[in-house]
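Here is the structure we will look at, set down as structure tokens.
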Amino acid sequence: MIRTIPVGLGDRAYDVLVGPGLIDRAGEHIVPLLKNRRTVIVTDSNVGEHHGERLAAALERAGVAVDVITVPAGEASKSFEGLADLSDRLLALELDRGDLIVAFGGGVVGDLAGFAAAIYKRGIDFIQIPTSLLAQVDSSVGGKTAIDTPRGKNLIGAFHQPRLVLADLDILATLPAREMACGYAEVIKYGMLGDPAFFAWLEGNGEAVLAGDVEALAHAVARSVEMKAEIVTEDEREQGRRALLNLGHTFGHALEAETGFGEALKHGEAVGAGCAMAFRFSARLGLCPDIDAARVEGALKAAGLPTRLDALPQGASFHADRLIAHMGQDKKAEGGKLTFVLARRIGEALTAKGVDPAPLRDFLISEGALS
Ligand code: GLY
């Protein structure tokens, strides 16, 4: 069964389709969006190798001309160099504004191809076919596109909404367990920030989701996308409620920065640990009941996600002041003050601006960071 989730953004409205078999039927979903019967698939070396021909064949069956651009797999492609290279290859193919870019991959491909689409000839349409759980439930929906610079991640980018998102659940069957857990951190985050019933459902069904049970996965992805769509519709440019999607991200960002933004600690794992810390910090500040912080920790642990500093790589050498310095550099920081997404309870997050570093430092030390 295919579920359709509308993202109600007026003349930029689009649908997210969630279900099995969407890649093989991509042609029928894409053709109505085409001015010309021409697309360029942008994919990476991993996804392209395993699934590229299948997607190209599906589009060709629908009478759509296809070119494929493959970028190297990995975060390094999300750079000015990667963007220049991709833009040049799009220009060499003489792509024009009536054509369409298909971003086919995980978050890196979606962010890079989406940003290229935002600026290529001042903007060209694109669609997202996300191939990781994390991209399906988060980065492919909502129009944030960006590249990294040596000064930080996602600092140069644009809001550019896709025309369609196809979240094919079949493709998740080949995802390594660690990648599934990373995506699951973003799934359960939706429960933590705004839907206590969904959180409770995940406490009972998380194992089935992670094991790839089709019904459980369909519900988890669809509910996550529904929540993201609702929030983005209300606050497309992150002036208010959209910031709640950053639950766990300020702590997580600091942990990623200290561990080198790489394989040692993946983004989803950092978000998981960050959510556990955000709930414990909220409890310590008296905002949130201890029992909620304990439930959050339990649910993340059950998914094999780290929840405490001592479970992280370099567990013994996190320094409180260094972590706080990274938090200050997070692009969500405003005017030197620290902004956190904290929680009143499971299902009710809030944005706390101007958080005082002193109790934060005490908290980090209580978590095992060095003073
Ligand atoms: N990933 C957070 C957002 O899209 O706002």
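Rolled with a 1.4 Å probe across the full set of protein chains, the surface gives R25 an accessible area near 130 Å². Protection proxy ranking, highest mean first, for peptides 49-55, 233-239: 49-55, 233-239, where packing is the per-residue count of other beta-carbon atoms within 10 Å, averaged. Solvent-accessible area assigned to carbon and sulfur over region 88-133 amounts to 46 percent, based on a 1.4 Å probe.
Placing +1 on the Cβ of every Lys and Arg and -1 on the Cβ of every Asp and Glu, with no other charges, gives region 146-300 a dipole of roughly 500 debye about its Cα centre.
The E81 and K301 beta-carbon pair, evaluated with R₀ = 35 Å, returns a calculated FRET efficiency of approximately 0.35. Global dimensions of region 231-371 from alpha-carbon coordinates: Rg and Dmax equal 14.1, 42 Å.
Cross-link partners for K353 among the aspartates and glutamates, with Cα-Cα distance under 13 Å and sequence neighbours closer than 8 places in the same chain left out: E334.
Normalised Debye scattering of region 117-168 at q = 0.14, 0.22 Å⁻¹ gives log10 I(q)/I(0) of -0.39, -0.86, counting only Cα atoms as equal scatterers and leaving out solvent. The chain: D in µm²/s via Stokes-Einstein (Kirkwood Rh, Cα pairs, 37 °C, 0.692 mPa s)? After rounding, the answer is 158 µm²/s. With all pairs of different alpha carbon atoms counted, what Kirkwood hydrodynamic radius in Å does region 85-143 show? Value: 11.5 Å, from the Cα pair sum. The C-alpha atoms of the chain define a longest principal axis, and helix 177-194 lies at about 70 degrees to it.
DSSP finds beta bridges in the chain, and of those with both partners inside it, around 40 percent are antiparallel.
P(r) for region 170-210, from all Cα pairs and a bin width of 5 Å, is 6, 24, 30, 21, 14, 6 %, short bins first.
Here the chain is assigned +1 on the Cβ of each Lys and Arg and -1 on the Cβ of each Asp and Glu. Its dipole about the Cα centre then comes out at about 760 debye. Can you compute the label reach from T174? Point 7 Å from Cα along the Cβ direction, backbone N cut-off under 16 Å, restricted to region 96-138. Inside the label zone: 104-107, 129-133.
Stokes-Einstein diffusion for region 1-81, with the hydrodynamic radius set to the Kirkwood value over Cα pairs and evaluated at 10 °C in a medium of 1.306 mPa s, equals 111 µm²/s. Between the Cα long axis of helix 107-119 and the first principal axis of the chain there is an angle of about 60°, rounded to the nearest 10.
Per residue Cα convex hull volume for region 266-325, in cubic angstrom?
Dividing the Cα hull volume of region 266-325 by its residue count gives 87 Å³.
The Rg/Rh ratio for region 69-223, using Cα coordinates for both the radius of gyration and the Kirkwood hydrodynamic radius, is 1.01.
The values are calculated or read from the model by the stated rules, or taken from the named source; none is laboratory data. Owing to the predicted nature of the structure, the values given are computational and were not obtained by experimental measurement. Cβ atoms come from the backbone with ideal geometry, glycine included; neighbour counts cover every protein chain shown. Heads up: the accessible areas ignore ligands, DNA and RNA and are worked out on the full protein's heavy atoms, side chains in. Shrake-Rupley method; radii C 1.70, N 1.55, O 1.52, S 1.80 Å.
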